[in-house]
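S.K.: Okay, handing you the structure first.
Coordinate-derived values only; no laboratory data. Fair warning: this is a prediction, and the values are worked out from it, not measured in the lab. Virtual Cβ from ideal backbone geometry, glycine too; neighbours counted across all protein chains shown.
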Amino acid sequence: MDPKAHTKTLLGQWEGWAENYTVMELGDGERCWNGPPRKARVRLECAVKDFLKQVNEASKCEYEVVMGSPAACLEALVPQLYGEVGGEEQGAREEL
């Protein structure tokens, strides 16, 4: 498949934060065929690295996105989160 043949679709432009800074709201995106302008809500969840977890079209031209990111973690949870991933690596650091 020719990558140049792909097109981009604007799901929305930044509108602001919601739900205590855990959801990014995007609006006024490209118009759907015979429909309204697209919009999206991007929910951030605590994770060790940034990744796209899920994308759903909740209703016509309205998208719900879930992303994992360390930026969504509460400061108190960060050592625990990395400890679960680091396993033996963390133990080695504690011995030093």
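S.K.: If each residue's Cβ is checked for other Cβ atoms within 10 Å, how do 10, 44, 52 rank with the fewest at the top? Don't jump to the answer; show the numbers that get you there.
M.R.: On the way: 10 13, 44 22, 52 10.
The fewest-first ordering by Cβ neighbours comes to 52, 10, 44.
S.K.: Taking square-rooted eigenvalues a ≥ b ≥ c of the alpha carbon gyration tensor, is the range 1-68 rounded, prolate or oblate, where a/c under 1.5 means rounded and, failing that, a/b exceeding b/c means prolate?
M.R.: It comes out oblate by the Cα gyration axes.
S.K.: Something else now. Among residues other than residue 68 whose Cβ falls under 13 Å from its Cβ, what is the net charge (Lys/Arg +1, Asp/Glu -1)? Mind showing how you got there, number by number?
M.R.: Values: positive: 43, 49, 53; negative: 45, 50.
Counting the neighbours of residue 68, the net charge comes to +1.
S.K.: Around residue 38, with a cut-off of 10 angstrom between Cβ atoms, what is the net charge of the other residues, counting Lys and Arg +1 and Asp and Glu -1? Walk me through the intermediate numbers first.
M.R.: Details: positive: 31, 39, 60; negative: 28, 30, 57, 62.
Around residue 38, the surrounding residues sum to -1.
S.K.: Still on this model: Length gain on complete extension for the stretch residue 55 to residue 13, per 0.36 nm per residue less the alpha carbon to alpha carbon distance? Walk me through the intermediate numbers first.
M.R.: Values: separation 42, 0.36 × 42 = 15.12 nm, distance 1.68 nm.
So the chain would gain 13.4 nm between residue 55 and residue 13.
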